[in-house]
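J.: Have a look at this one.
The values are calculated or read from the model by the stated rules, or taken from the named source; none is laboratory data. Quick caveat: nothing in here was measured; it's all calculated off a predicted structure. Methodologically, a virtual Cβ is constructed for each residue, glycine included, from the backbone with ideal geometry; neighbour enumeration extends over all protein chains shown.
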Amino acid sequence: MSGTSPAAVVAALRAELGPGRADVVVGDPAVMEGYRHDRATSVVPGAPSAVVRARVAADVQAAVRVAARLRVPVVPRGLGTGLSGGAAAVDGCIVVSTAAMRDLRVDPAAMLAVCGPGIRNTELKDAAAAHGLWYPPDPSSFEICSIGGNLATNAGGLCCVKYGVTTDYVLALEVVLADGRAVRLGGPTVKDVAGYDLKRLFVGSEGTLGIITGATLRLRPAPPPVSTVVALFPTLRSAGHAVADIVTRVRPAALELMDRAALDAVERVRPMGLDPSTAALVLARTDGAGAEAAAITDACERAGASYVAHTDDADEGELLMGARRMAIPCVERLGTVLIEDVGVPLPRIPELLAAVERIAAEHDTFIPVIGHAGDGNFHPLVTFDASDPDATRRSATAFDGIMEAAVALGGTVSGEHGIGVLKARHLPAQLGPDVMDLHRRIKTALDPQGILNPGKWI
Ligand SMILES: Cc1cc2nc3c(=O)[nH]c(=O)nc-3n(C[C@H](O)[C@H](O)[C@H](O)COP(=O)(O)OP(=O)(O)OC[C@H]3O[C@@H](n4cnc5c(N)ncnc54)[C@H](O)[C@@H]3O)c2cc1C
């Protein structure tokens, strides 16, 4: 890419944005520091030349036009909660932050919301709820992540086992392309098969094909009341068997798993007084009839649960789900964490959990496990002391081993967090050479200069 100096990039951006827009561009290294990292702390980011804090799509277009002219990289950024290094800055880049693009309008008659990418997931949920409606996708980070980031990673979450992931709610996207043009893909109609379904190409593309500047998202009627089932297991494998059985019987609205180490990490912050012989906890939420809670209870008991209870109290259920959502930050207090995001076909869940236990023992590495178990999507949290070179090396090997195990089980290296930098070298093993080639041809067609989020997985 170009050797244009940071000062020249800042000057070009200010000139392109025009009078009265100078404050949109940041060139101060101290301020830019806050735009270099995401939550993948093991990824070492580069130093940006400038940050553009876009407020409208025209700001994004101006930034991309400058980047295309000067051939400097562009790193799109939401709220930096990504766990794969996707928003990590690269040297000399322009970081385009869409956090300040915060238009939001709910159309209850059409059951949709139109919003800017900077709206937080929780704000969209609240706005929908004010009209008696619901935006289901619920990453555990829903209070701190943006809709733009959710779209760019095709974020999942707890209720996705029944209600689908981000892409299932996308009717239309506004996108700025690599040459600075703005396009609208899709529209407000529920059904629309005119042309290729290009909006879905951009969902999950992690900022490598274009910058999302607006979205039209489907809403659902408010969800029915929920029951929550909590079950404790003497082994991780038996919990895995319970999950594999539950999903063949009912469609829970959430089905989560935490192993002992993850429970201990949460217990340090929010004591729950769990029986020390517990090896794993399964948390299921159902919004179906009472028979669903009974079927889940039965499946847990048959798999060997040592304790099963269920509550119809929404607040009590939310407390339990809240403990599950706290797991990643609680484990992060214990060391540097390489966060896996592997997924396997549902019947192979017990094998994946056994493989993680084996890999942790083989490499003498601490790997608490949590997961959206009902989707077969798990987050083994490879945790280590980064000041210890040997532990760092063993952890990296364990991290690789878990992704290899998932792919060998017919699974994926990423169920929801995206590839970013962390999983880039494992993608070819999953996709194979022909599909990787197809990805590269699409990338080249849309971004011939390779300026959009380079140095990541494509
Ligand atoms: C505690 C914790 C729990 C989490 N739980 C979940 C979970 O349950 N499910 C889940 O899916 N994720 C989860 N995540 C990961 C993260 O919150 C999601 O990936 C989220 O979608 C990222 O949103 P963001 O606004 O922070 O995006 P960022 O981190 O800023 O960016 C993420 C990616 O999207 C790109 N991007 C951002 N905005 C745009 C845009 N406007 N146009 C184009 N590209 C863009 C970036 O370049 C980057 O590649 C969790 C994270 C944390 C810290």
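J.: Quick check on this structure: which one of Leu438, Leu431, Leu409, Leu452 is of a type outside the set (Val, Ile, Thr), in contact with a Leu (Cβ under 7 Å, 6 or more places away or on another chain) and either free of Cβ contacts under 8 Å to residues at least 24 places away in the same chain or outside the structural domain of Arg348 (by TED's automatic domain parsing) (or both)? Show your work before the answer.
T.: Details: Leu438 fails: in contact with a Leu (Cβ under 7 Å, 6 or more places away or on another chain); Leu431 fails: in contact with a Leu (Cβ under 7 Å, 6 or more places away or on another chain); Leu409 fails: either free of Cβ contacts under 8 Å to residues at least 24 places away in the same chain or outside the structural domain of Arg348 (by TED's automatic domain parsing) (or both).
Residue meeting the stated conditions: Leu452.
J.: Let me ask another. Between residues in the range 333-356 that are touching a residue at least 12 places away in the same chain (Cβ under 8 Å) and residues that are assigned to a helix (DSSP H, G or I) and of a type in the set (Asp, Glu), which pairs lie under 7 Å by C-beta distance while being six or more apart or on different chains?
T.: Gly343/Asp375
J.: Might you let me know whether the range 158-172 holds any residue that is of a type in the set (S, T, N, Q), in contact (Cβ under 8 Å) with a residue 60 or more places away in the chain and under 22 Å from Ile144 (Cα atoms)? If you could, list the steps in order and put the result at the bottom.
T.: Keep residues of the range 158-172 that are of a type in the set (S, T, N, Q), which gives 166-167.
If we keep only those that are in contact (Cβ under 8 Å) with a residue 60 or more places away in the chain as well, we get none.
No, that holds for no residue.
J.: Tell me the residue from Val247, Val243, Val193, Val226 that is out of contact with any Ser or Thr (no Cβ under 6 Å at 6 or more places or on another chain), more than 20 Å from Ile119 (Cβ to Cβ) and surrounded by 23 or more Cβ atoms within 10 Å (Cβ to Cβ), please.
T.: Numbers: Val247 fails: surrounded by 23 or more Cβ atoms within 10 Å (Cβ to Cβ); Val193 fails: surrounded by 23 or more Cβ atoms within 10 Å (Cβ to Cβ); Val226 fails: surrounded by 23 or more Cβ atoms within 10 Å (Cβ to Cβ).
That would be Val243, the only listed residue that is out of contact with any Ser or Thr (no Cβ under 6 Å at 6 or more places or on another chain), more than 20 Å from Ile119 (Cβ to Cβ) and surrounded by 23 or more Cβ atoms within 10 Å (Cβ to Cβ).
J.: List the helices (runs of 4 or more DSSP H) that sit entirely inside the range 73-188 and contain at least 3 residues that are within 13 Å of the ligand (Cβ to nearest atom).
T.: Working: elements: 121-129, 147-153, 160-163.
Qualifying helices (runs of 4 or more DSSP H): 121-129, 147-153.
J.: Also, I was wondering about something else. Name the one entry in Thr81, Thr41 that is under 28 Å from Ala424 (Cα atoms) and surrounded by fewer than 17 Cβ atoms within 10 Å (Cβ to Cβ).
T.: Thr41
J.: Can you confirm whether Val407 is among the β-branched types (Val, Ile, Thr) and surrounded by fewer than 22 Cβ atoms within 10 Å (Cβ to Cβ)?
T.: On the way: among the β-branched types (Val, Ile, Thr): yes; surrounded by fewer than 22 Cβ atoms within 10 Å (Cβ to Cβ): yes.
For Val407, the condition - among the β-branched types (Val, Ile, Thr) and surrounded by fewer than 22 Cβ atoms within 10 Å (Cβ to Cβ) - is met.
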